[in-house]
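As C-alpha cells, the structure follows; a few thoughts come after it.
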Amino acid sequence: MSLRENNNGKKKILIVDDSEINRSLLSDMLSDEFDILEAENGMEAAAILHVREHEIALMLLDIVMPVMDGFEMLAVMKENGWIKSTPVIMISAETVPAYVDRAYDLGVLDYISRPFDERTVRRRVVSTIMLAAKQKELSYMVADQIYEKEKDNRMMIEILSNLVEFRNGESGLHVLHIRILTELLLKSLMEKTDKYKISKKEIPLICNASALHDIGKIAVPMEILNKPGRLTKEEFEIMKTHSAEGARILGCIPMREKEPLIQTGYQICRWHHERYDGKGYPDGLKGEEIPIAAQVVALADVYDALTSKRVYKEAYSHEKAMQMILDGESGIFNPLLLECLKDLSPILKEEWDSVPTGDNPRKEIMSIVEHMMEKEELGASERTLQLLEHERMKYQFLADLSSEVLFEYRAMPEMLLLSEWGAEYLNMPVTILNPREEAFGNQVFSRKDFSHLLDGLKAATMENPVIEENYLLNINGSLRWSKVITRSIWSEGEPPKYEGAIGKIVDIHDHIVKVNELELMAAQDSLTGLLNHAAAKEKISSILSKDKEGKYMLIMVDLDHFKEANDRFGHLFGDEVLRYAADKIRACTRSTDIISRVGGDEFLVFMEYQEEVKAQVERIFYQLSGRYKEFVLSVSMGIVCIKGWDKDYKSLFQLADKAMYNAKSKGRGRYCFYEK
Amino acid sequence: MTVKECYEEMEGDFEDVASRLRTNERIKKFLVKVLNDKSFDLLCKSVEEENWEEAFRAAHTLKGVCQNLSITKLYKSASLLSDSLREGKRDNQEIIPMLKQVEKDYEHVTNCIKMLEKENG
C-alpha cells in the first residue's frame, strides 16, 4: 500500500483544533507527505466530512473546542456512519483515564497526548492509516472467503436434495422455492414477534436446512413416490415414514450431532408434517411444541406443493392456494405464521413465477453480495473519487450558469451549503453552520418562515418529496418575493432516515408585483379609481360570509338628472361630474369602507355603523348636494341597515336598490331607508 | 538572542521543545505565532463578561499552545486557571489572582518573543 493516493494527490488529513498554532504545528509536521485540511471546531469538520467523507484518510481531533467539541463531533460521526470510514486520532492534553476511555469508546483508533513530538505524530498517523486500510482489506478478504465457503456448502446441500427431488420426479425448483419462502416467512415473523428468539444469523441456517426437509424420501420406494393416482392407506403409511427417516439419516452422521445445521435439519425433517392442532405425524406434537423452523418449512412446503404441478394434481392459482391454506383445508398452522403468509400475499402473487431458477438464489446471499460490491468499490476507489470530482465540477459549472440560489440543507448536524453564485448573491458564506442562528435563518428568511420551511422539509414524504412555497426574503436589504423549491432526501436502507434536502431559490418578485398590479387594475373603475361592482361584490360577500353578527349598511347613490349633464355640457363634462362625486364620497368615508361605482351614475357605499346611522348618511348626502360648475348636484340615496345577514349579497343589494327607487319616486334629492 | 536564550529568559524548557520540534527555525516560527494568538485576549474578555465556558476554553487553548511549545511557566499558570474554571470556580477572589499571574507570565513571554524576533530580523 502506498501513502500516495494517486499520481498528483497525497492522502488527505483533516486537522480539527481551535488553536491556529496547534493546527499549523501539526500541519508543519505532516504536510510534506499529506494534504492538510483544517477545521476550527467540530461543526466545520462536519461540514467538510459531509462533502468529502471518502477523501479524508485520517482525522486528528482536539477535545476542547467552541461550538462543537471533540466528543460531540465523535457522536455526530457515529450518527452519520463516518466513524466507520474515517479513522480518528484524538490529540489532547487530557490524560485523565475517563477522557481517554470515552474517546476509545466513541471509536477513535489512537490517542496522542500533548505535548506531541514530530516523530510520534508522523509514526502514529502513518500506522493508523495503514491499519485502517488493512482492516478494511482484511474484512473484505474474510467476507470473500465466507462467501466461497457458503457457496460450496449450499451447493452440496442442493445437490443432495435435488437427488431426492429427481427421484421424486420433480424439478429442483421445489427446494429453491421452499428456501425462498422460508426466508420470507422468517423475516416477516421476526418483524411481528421476538418470542421465538431467532437471530439474524439463524435465518440462512434454517434456509439451508430447509432444503433437507424431504431427504427421507430416499427411503420411500419409487412406485409410491411417483404414483399418479391416490395412494392406498398402506402406501400412505409408507410415504409418511419419510419425515422420521430423514431425521434418522441426519442423526446418523457421525461426529456431527452438535452441528447447528444438522440439528435444525433434524427438526425440519422430523416435524415438517406435524400440525398445530396436534394431528400431524410422526409424533403428534402440538402448538409451540413444534420447533419454529419446522413450522415455517411446513407452511412453505404446503404453499409450494399447492401452487406447483405434481404427478397427481395440476397447479392451483395463488388465490386458490391461499384460500385453501387459510380455510384449513391443507393442514392447521400457527395463526401468527398465517398472518405472515397473508402479509406476503402481494409479493407471492406478483413474483412467485419469476423466482430465479439459476444458481444465484437472490435473497439469502444478498448481504454477502453487498459486501462484495463494497469490495469492488474499494478496488475502484480511485475511479469513484474521480467520478465524484467530475460530478462536483459539473454541478458547480451548471450552478454558476443558472443564476439561481442552489442550496443543500443537512439536518444533522444542521448546516446549509450554498452554491457559489448563490452565496455571492445573498452575500453569505458558502457553508453556513447552524443556519437557524445565522443571518440566513433570521434575516434573509424571517425566523418564522425559516422554521416553517424546515418543518415542511422534514414533514415531506417519499411519495411527495418536492415542496414549492413563496417567501418574502430580505436580499441584501430589499424585501423580495422568492419561490423556494425543495426536495427532501432520505438515507438508503430500512427504515430510511431523513437527512435533509436540496433546493433552489428563485426571485419572482417582479412577477408577483406585476400580478398584483394587474389584479388591482382589474378591480378598479378606470374613470373614478373606485372599485368596480364585481370587485366590490366580492369584498362585501366575503365580509358577509365571515361576519354573521356585524352591523353594516349598504347605501346606493344615484346622481339626479345626470343625463342632463351629458346632454347639455357634453360627455367629457359628465365624466368630470362623476370624478367629482367619487372624490366627494371618498372624502367623507373611511379607507375601510367599500366604495364602488356600480355603473353609469350609480355609486355604492358599504360601511359599518354603530347605533346612529343618520349622521353618516347625511354626511354623504350633503357632500353630494350643491353644485359642480354649472351643474346642480343632487342625489337620491337608498339605504339598508343590517345586523347580521344570512342571505347573499344580491338580496342585500336589491333592498338598497328598492329604497333608492323609493327616494327617486318621492321626487329625488332625498334619502330613504329600506322599510319592510 | 538565541532561541535557547529566549527559552531561558521566559522560563521554558528548551531541551524538551528541541527534542520534539527538532530545528531552531521551526521553534522560532511557531514562537512568533504566539504573538498573534487570540486566546489570551479572549480569556480576558470572557472573564470580564463572566462567560465562564468561553473563559475555560480560552485558558485551555492557551495552555495547550504553551504545552506544545514547552513554555513551561506560562503553561503552569494557564493550567492552574483552566483547571479551576473547569472545576466550576466562579469566585473572582480566586480567579482574578490566577488571571493576574497568567497575564504577567503572558506579557513576559510575548516580550521575550518580540525581542527574539527583533534581534534576528
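The values are calculated or read from the model by the stated rules, or taken from the named source; none is laboratory data. Treat the numbers as computed from the prediction; the structure is a model and nothing was measured. Cβ sites come from the backbone with ideal geometry, for glycine too, and all protein chains shown count toward neighbours.
Candidates A:MET462, A:MET428: the one that is under 26 Å from the mean Cα position of the chain (by Cα), in contact (Cβ under 8 Å) with a residue 12 or more places away in the chain and assigned to a loop (DSSP other than H, G, I, E, B) is A:MET462. Would you point out the residue of the stretch B:25-44, among those that are within 17 Å of A:VAL67 (Cβ to Cβ) and not aliphatic (A, V, I, L, M), that is nearest to the chain's Cα centre (by Cα)? Filtering first and then ranking leaves B:SER39. Of all residues in the stretch A:638-676, those satisfying the criterion of being more than 60 Å from the chain's Cα centre (by Cα), farther than 14 Å from A:ASP560 by Cβ and aromatic (Phe, Trp, Tyr) are A:PHE673, A:TYR674.
Can you pull out every residue in the stretch A:648-657 that is closer than 15 Å to A:LYS539 by Cα and not hydrophobic (A, V, I, L, M, F, W, C)?
Within the stretch A:648-657, A:ASP648, A:TYR649, A:LYS650 qualify.
Just to be sure before I move on: is A:LEU454 among the hydrophobic types (A, V, I, L, M, F, W, C) and under 25 Å from A:ASN41 (Cβ atoms) in the structure I sent? The answer is yes for A:LEU454. With respect to (1) within 19 Å of A:LYS309 (Cβ to Cβ); (2) under 52 Å from the mean Cα position of the chain (by Cα), the lone exception for A:ARG230 is condition (2).
Exactly one residue out of A:VAL51, A:VAL64 is β-branched (Val, Ile, Thr), assigned by TED's automatic domain parsing to the domain that holds A:ASP17 and either without any contact (Cβ under 8 Å) to a residue 60 or more places away in the chain or in contact with a Ser or Thr (Cβ under 8 Å, 6 or more places away or on another chain) (or both): that is A:VAL64.
Quick check on my filter: what residues within the stretch A:602-628 are of a type in the set (Lys, Arg), free of Cβ contacts under 8 Å to residues at least 24 places away in the same chain and not in a strand (DSSP E or B)? The one that is of a type in the set (Lys, Arg), free of Cβ contacts under 8 Å to residues at least 24 places away in the same chain and not in a strand (DSSP E or B): A:LYS614. Yes or no: A:GLU94 within 14 Å of chain B (Cβ to nearest Cβ) and acidic (Asp, Glu)? So A:GLU94 fits the description; yes. Residue selection: A:ASP62 satisfies the criterion of being modelled with pLDDT of 90 or more and within 13 Å of chain B (Cβ to nearest Cβ).
Quick one: in the stretch B:1-42, of everything that is at the interface with chain A (Cβ under 9 Å from one of its Cβ atoms) and over 19 Å from A:ARG122 (Cα atoms), which residue is surrounded by the most Cβ atoms within 10 Å (Cβ to Cβ)? The residue in question is B:SER39. Against the criterion of being in contact (Cβ under 8 Å) with a residue 24 or more places away in the chain and either among the polar types (S, T, N, Q) or assigned by TED's automatic domain parsing to the domain that holds A:ILE178 (or both), A:LEU261 qualifies. Would it be correct to say that B:GLU54 is out of contact with any His (no Cβ under 7 Å at 6 or more places or on another chain), of a type in the set (D, E, K, R) and more than 10 Å from chain A (Cβ to nearest Cβ)? Taking the combined requirement at face value, the residue does not satisfy it. Taken over the stretch A:501-537, the residue count meeting the criterion of being surrounded by 14 or more Cβ atoms within 10 Å (Cβ to Cβ), out of contact with any helix residue (DSSP H, G or I) (no Cβ under 8 Å at 6 or more places or on another chain) and part of a helix (DSSP H, G or I) is 4. From the list A:LEU186, A:LEU212, the lone residue that is part of a loop (DSSP other than H, G, I, E, B), at pLDDT 85 or above and in contact with a helix residue (DSSP H, G or I) (Cβ under 9 Å, 6 or more places away or on another chain) is A:LEU212.
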